[in-house]
Amino acid sequence: MPLPAEFSDLEPYADWALPTEPERYAKRLASSMDEMQAFYDAAFSRLEDAIAHIDRHPWDDLPEDARTLMHLMQGLVMVSFPVEVWKQARVPDSGAAYLDLIVEPVV
Amino acid sequence: MPHFPKPAAGSWTEHYPELGTAPVNYSDSIDPEHYEAEREAIFKRTWLNVGRVESVPKVGSYFTKELAAAETSLIIVRGKDKQIRAFHNVCRHRGNKLVWNDFPGEEVKGTCRQFTCKYHAWRYDLAGELTFIQQEEEFFNVDKSDYGLKSVRCEVWEGFIFVNLDPDAAPLAEYLGEMAKGLEGYPFHEMTEVYSYRAEVGSNWKLFIDAFAEFYHAPVLHQKQAVKDEADKLFSYGYEALHYKLDGPHSMISSWGGMSPPKDPSMVKPIERVLRSGLFGPWDRPDIDGLDDLPESLNPARHKAWGSDSFVLFPNFMLLIWAPGWYLTYHYWPTGVDKHVFESSLYFVPPKNARERLGHELAAVTFKEYALQDANTLEATQTMLKGRAVTDFPLNDQEILLRHLHKVARDRVEEHQSKEHQDAAAR
Ligand code: FES
Ligand SMILES: [Fe+2]
């Protein structure tokens, strides 16, 4: 699903618009820091606009393009730790530990 | 120089003299015999929380719970009369596991009108009564009323469903005691937006409780999570709790508020500033009743800087309530002396807008980053304890809950074993 028209600048990053955490986390682990930095820079600068756009709709009845935008911003949240602090996709000092998300409120 | 006052006894630990202050022997976390004894003395005869009422919302809603430490699997189901019941997940015909999907070891959930065994189609209603026997005439005067599902004690406290395999156990409310009573009335039922995580961790179940029953390690192990200046500041302060309390087998630690909201926004990451949320949860409280007049067990020190209270409800259930109006649960389900299944769930008031929803998302993502570091550390601890090069460890005053947990677990094992001996002698 395409993004709302006024967010067409984010279209190159649309593959980050994934509905569930396991998908977003897997994409984070499979991405390079350059890829995540580019996505972060583009999306972070539009975060306030995105929130304003989504909030123009009733929360329990989002149009599909606003939902896609929401998923994209959830992707931004997912890459924020690697970009803002870790400088790597994996959590430092976490070795082989894993934590699967098994219940989540999917938008 | 302490930042917060300690009890007159001089320390939290000495306030409870029965705990002692000696180094603690950790063979209880590596000894297979002790683990077997814990299964009998603790997991087969203590109230265990298996979830919330919201996960069985309607008549026929059910879920299964694997209790490896108690050598069983349970079905929790809401009946026609709205009652929540628990049964051993075993068919009375020839012992097949009654409710499961493709993989017998995996937990399942759903809604149904009755349970039908996959093996020979015996059927049970939602109250556990046997209602159908395939080719009943081939049996020898079987009375169906003798073959209902085997039930398990099941009681609900504040929306939390507990089970107990011991038919003679004291009622749940009595077991939970005064401290838990002082949590009644907290608006748990408003916090229905749930994020749940699960992992198998290569450590004894008590070691992960140890990691979450003290925050003394946080400025060290999780140092890299904060921005540099904040991390340095936290490290130089160290950690002290506002208050500790023990109540029978249970205990709690009360902590200050940390970063929700932060005193200085430059001390937090850019995304936190926009989403007004982070590890300590959303900076803005949800608009619900029940957060102003907190029940008496919360913030026992009545401190202005209060941020969260963690309750260890023995044996394996932790309830972490945060000042900004959300809560977390932890469960540690033993599967062996050196492994357990760790579950954690974050509960928020459902969001009203995108900023709130993304704020929850950020809190959940941040939680996972921390928990991965904790889980990984435990495996390192377990392997080194196992070598027994060092057996006794000096626990400090901020580690009082750990000292208490290991003592309670050991005491329960000893009490149970001496009772078994007495019973055997009497026979
Ligand atoms: S074992 Fe269940 S019907 Fe035979
Ligand atoms: Fe930790």
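A short reminder: the numbers here are calculations on the coordinates, not readings from a lab. The model shown is predicted, which means the values in this text are computed figures rather than measured ones. All Cβ positions, even for glycine, are placed from backbone atoms using ideal geometry, and neighbour counts span all protein chains on display.
In this structure, B:Ala121 and B:Lys58 have a Cβ-Cβ separation that, at R0 = 22 Å, corresponds to a calculated FRET efficiency of about 0.35. When you filter the GluC sites (Glu not before Pro) in the range B:166-199 for DSSP loop state and at most 14 other Cβ atoms inside 10 Å of their Cβ, you are left with B:Glu184. May I ask which of B:Lys118/B:Lys144; B:Lys224/B:Lys352; B:Lys6/B:Lys233 have a Cα-Cα span longer than 26 Å here? Over 26 Å apart, Cα to Cα: B:Lys224/B:Lys352.
Computed from the C-alpha gyration tensor, the three semi-axes of the ellipsoid equivalent to the range B:104-150 are 22, 12, 9 Å, from longest to shortest.
Restriction of the trypsin sites (Lys or Arg not before Pro) in the range B:1-94 to DSSP coil positions whose beta-carbon has at most 10 other beta-carbons within 10 angstrom yields B:Lys58, B:Lys82, B:Arg94. For chain B, hydrophobic long helices are taken as DSSP H runs at least 30 Å long by C-alpha position along their axis with mean Kyte-Doolittle hydropathy of 1.6 or more; none is present.
Among the trypsin sites (Lys or Arg not before Pro) within the range B:112-201, those in coil by DSSP and having at most 14 neighbouring Cβ atoms inside 10 Å are B:Arg113, B:Lys118, B:Lys150. How big is the gap, in Å, between the Cα center of the range B:201-252 and the Cα center of the range B:1-76? Cα centres, the range B:201-252 to the range B:1-76: 18 Å. Among the DSSP helices (H) of chain A, those spanning at least 24 angstrom by Cα along their long axis with an average Kyte-Doolittle hydropathy of -1.0 or more are A:64-81; this is a geometric and hydropathy rule only. For chain B, averaging the sequence separation of C-alpha pairs within contact (under 8 Å, six or more residues apart) and dividing by the residue count gives a relative contact order of 20 percent.
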